[in-house]
Amino acid sequence: MTTSLTTAAATGGAEPAGAAAVTASPSAAPRRGKRLPHTPLNPRPSLALTLLTGLALVYTLLPLAWLVINATKDQKGLLDSFGLWFADDFNLWDNVTRTLTYDDGVFVRWLLNTLLYVAAGAGGATVLAVLGGYALAKFNFPGRKAVFAVVLGAVAVPGTALAVPTFLMFSKMGLTNTPWAVIIPSLISPFGLYLMWVFAAEAIPTELLEAARVDGSGELRTFFTIALPLLMPGTVTVLLFSMVATWNNYFLPLIMIKDPDWYPLTLGLSAWNSQAQTAGGEAVFDLIITGSLLTIVPIVVIFLLLQRFWQSGLAAGSVKE
């Protein structure tokens, strides 16, 4: 009491506002450095999960880093230098030029073949998956459950199990060693069809389609003006999966294509690798590594360009407002 009166007298009888606020409610302001309690929205950090994520990141990026680093080395530098560090000379641009011009520019021909297979095969598979998934999700017709069972069964069958029967069938038809032997099997994507089926069932309200039909809109107009924009995230997802599968396809072209002029990049790089390991063959390991780096660049670019369309609707409909 005496201390308070002395302080008040020293300050002219007026207590500072900040001191009054602290005196009135000492627990109003939290302490500095006090951590918020752990809740589902603010979970406790997990050391094990952090280490596991770090290992997964290293496992994913280490081969890519090795590929980029060694693409800057010549044939001698690959053998004399450490694999995860650069050599004395930087030969990336020379390696790219040699890769594109080696053997009369056959790498460019393989790249164009791969683009053809991706555009026709993956593009066609995406179109068929979107149309089929929309029809199965929004139309009732006899045999719909049977189609559902067939699609699920097709998803469970690995593609390698169908490679030999497909080869025998295409051989009877005289389509082997032609681009059609790679394009036609790539048009069938059971997983893409199932994914679009599930996505269309949730992304397109049936009431919206019925309102469009009441207003006199035809089925094609309703699909292209109403359904297709709503299906864009799922369409881009199926397109990405189909493109990656077709771009990296190796086993199907291996058994279907014998003419090097129709090789995709995967088969062409494998042929260069076999040539380098053959007695008397020219060792072109530097070109193989550089070609592998050039092979993954288009996929990375396409993924980055389509990523905004993919992410824009991944959570659409997940929260009811």
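Overview of values
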{"item": "Per residue value of the accessible surface for region 92-319 (all protein chains in place, 1.4 Å probe), Å²", "result": "54 Å²"}
{"item": "Heavy-atom SASA rank of 73, 258 (probe 1.4 Å, accessible area, largest first)", "result": "258, 73"}
{"item": "Cα centre as origin, Lys/Arg/Asp/Glu Cβ charges: region 92-319 dipole, Debye", "result": "560 debye"}
{"item": "Value of relative contact order over region 92-319, rounded to a whole percent, pairs C-alpha under 8 Å and six or more apart", "result": "32 percent"}
{"item": "Accessible area (Å², 1.4 Å probe, nearest 10) - residue 259", "result": "50 Å²"}
{"item": "Peptides ranked, highest mean first, by Cβ atoms within 10 Å: ranges 188-196, 224-232, 176-184", "result": "188-196, 176-184, 224-232"}
{"item": "Listed peptides 122-128, 163-169, 110-116 by packing density, highest first (mean Cβ within 10 Å)", "result": "122-128, 110-116, 163-169"}
{"item": "Förster-model FRET efficiency, 30 Å R0, residue 178 and residue 283, C-beta, rounded to 0.05", "result": "0.40"}
{"item": "Karplus-derived 3J(HN,Hα), 6.51/-1.76/1.60, for each residue of region 257-266, Hz, glycine and proline x", "result": "10, 10, 7, x, 5, 10, 5, x, 4, 4"}
{"item": "Surface share of carbon and sulfur [accessible, 1.4 angstrom probe, percent] for region 78-179", "result": "69 percent"}
{"item": "Under 5 Å, built H, 5+ apart or other chain: amide partners of residue 86", "result": "none"}
{"item": "Built amide H within the under 5 Å cut-off of residue 175, gap 5+", "result": "none"}
{"item": "Integer Hz, Karplus 6.51/-1.76/1.60 couplings in order for region 237-247, x for Gly and Pro", "result": "4, 5, 4, 5, 4, 5, 5, 5, 5, 6, 5"}
{"item": "Amide H contacts of residue 187 (H built 1.01 Å from N, under 5 Å, at least 5 apart or other chain)", "result": "none"}
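The values are calculated or read from the model by the stated rules, or taken from the named source; none is laboratory data. Treat the numbers as computed from the prediction; the structure is a model and nothing was measured. Cβ atoms come from the backbone with ideal geometry, glycine included; neighbour counts cover every protein chain shown. Heads up: the accessible areas ignore ligands, DNA and RNA and are worked out on the full protein's heavy atoms, side chains in. Shrake-Rupley method; radii C 1.70, N 1.55, O 1.52, S 1.80 Å.
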